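Trainee: Just dropping this structure here.
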Amino acid sequence: GNSVTQMEGPVTLSEEAFLTINCTYTATGYPSLFWYVQYPGEGLQLLLKATKADDKGSNKGFEATYRKETTSFHLEKGSVQVSDSAVYFCALYGQNFVFGPGTRLSVLP
Amino acid sequence: DSGVTQTPKHLITATGQRVTLRCSPRSGDLSVYWYQQSLDQGLQFLIQYYNGEERAKGNILERFSAQQFPDLHSELNLSSLELGDSALYFCASSGVRGTGYTFGSGTRLTVV
């Protein structure tokens with residue numbers, strides 16, 4: 001079946017550091033790929049998505065590119081802020097949604 | 001406001017009791033999904049309804065049940081509650097295939 005693997009956290013960075021959170025997937029067909037973010041005490045919010053190979057999703061300075069050849073959808077941000085501290089979930093949609101385990105990011109001032 | 005409404009926000013109850021969690025999907029969304037999020041299990045898919053019918057079932061215990069009503073709101077019923085059922089319960093709704101979920105803010109259930 002479909003599955004999503006993402007790097008285990010927690011990830012701790014200093015403000016303005018570069019962020020990469022790795023995500024790889026296993027799926028049949030051509031799923032859509034998503035990143036969701038969960039801020040403390042809140043539900044999950046859609047951060048960005050990509051629906052086909054080589055698409056780049058972007059939002060709030062975050063980017064991820066759908067790489068079919070490496071079955072990856074790594075999340076990147078050039079300069080993180082304290083307010084980016086949250087849990088990030090990679091997900092795919094084939095016949096249904098499958099979420100990764102989440103990666104907790106802490107950004108220190 | 002995401003458009004998905006969950007009530008109540010917090011619930012504290014005793015072991016052995018039964019509770020009902022409610023979810024109103026975003027306007028126009030026909031699918032409703034329930035998830036359980038606990039510290040040790042992560043985000044676990046429980047069940048999906050589409051336009052009133054059960055569409056998919058995940059790691060849902062037999063003590064748990066759900067339904068979706070004609071007005072598309074959904075209820076998740078949890079019975080014979082155990083301490084380990086303490087978790088955040090999220091509802092999500094979706095519209096067109098592949099466009100993504102919209103999550104509610106969750107119900108935090110504490111079983112004491």
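The values are calculated or read from the model by the stated rules, or taken from the named source; none is laboratory data. On a predicted model such as this, the values are computed, not experimentally measured, just so you know. Every residue, glycine among them, receives a Cβ derived from its backbone with ideal geometry; neighbour counts consider all protein chains shown. The protein model used for the area step is the full one, side chains on, heavy atoms only, and it has no ligands, DNA or RNA in it. Shrake-Rupley method; radii C 1.70, N 1.55, O 1.52, S 1.80 Å.
Trainee: Would you mind stating whether A:G9 is in contact (Cβ under 8 Å) with a residue 60 or more places away in the chain and surrounded by fewer than 19 Cβ atoms within 10 Å (Cβ to Cβ)? Steps first, please.
Mentor: Details: in contact (Cβ under 8 Å) with a residue 60 or more places away in the chain: yes; surrounded by fewer than 19 Cβ atoms within 10 Å (Cβ to Cβ): yes.
So A:G9 fits the description; yes.
Trainee: Out of A:T70, A:T20, A:T28, A:T51, report the one residue that is in contact with a Lys or Arg (Cβ under 9 Å, 6 or more places away or on another chain) and surrounded by fewer than 21 Cβ atoms within 10 Å (Cβ to Cβ).
Mentor: A:T20
Trainee: Also: Could you say whether any residue in segment A:31-43 is among the charged types (D, E, K, R) and within 14 Å of chain B (Cβ to nearest Cβ)?
Mentor: yes
Trainee: Next question. Restricting the search to segment B:6-27, which residues are within 14 Å of another protein chain (Cβ to nearest Cβ), open to solvent by 70 Å² or more (accessible area, probe 1.4 Å) and part of a strand (DSSP E or B)?
Mentor: If the condition is that a residue be within 14 Å of another protein chain (Cβ to nearest Cβ), open to solvent by 70 Å² or more (accessible area, probe 1.4 Å) and part of a strand (DSSP E or B), then B:H10 is the only one that fits.
Trainee: Looking at (1) away from chain A (no Cβ under 14 Å); (2) within 14 Å of B:L109 (Cα to Cα); (3) of a type in the set (A, V, I, L, M); (4) open to solvent by less than 80 Å² (accessible area, probe 1.4 Å), can you tell me which one B:L30 breaks?
Mentor: Every listed condition holds for B:L30 apart from (2).
Trainee: While we're looking at this one, here's another question. Just for segment B:96-112: of the residues that are more than 7 Å from chain A (Cβ to nearest Cβ) and at pLDDT 90 or above, which one is farthest from A:G57 (Cα to Cα)?
Mentor: Per the criteria, the residue is B:V112.
For (1) free of Cβ contacts under 8 Å to residues at least 24 places away in the same chain; (2) surrounded by 12 or more Cβ atoms within 10 Å (Cβ to Cβ); (3) over 15 Å from the mean Cα position of the chain (by Cα), each residue gets a yes or a no:
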site	(1), (2), (3)
B:Y50	yes, yes, no
B:A56	yes, yes, no
B:R63	yes, yes, no
B:S74	no, yes, no
B:L78	no, yes, no
B:L81	no, yes, yes
B:G100	yes, yes, yes
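Trainee: Would you confirm whether or not segment A:86-102 contains a residue that is farther than 14 Å from B:G100 by Cβ, surrounded by fewer than 15 Cβ atoms within 10 Å (Cβ to Cβ) and more than 14 Å from chain B (Cβ to nearest Cβ)?
Mentor: Looking through segment A:86-102, none of the residues is farther than 14 Å from B:G100 by Cβ, surrounded by fewer than 15 Cβ atoms within 10 Å (Cβ to Cβ) and more than 14 Å from chain B (Cβ to nearest Cβ).
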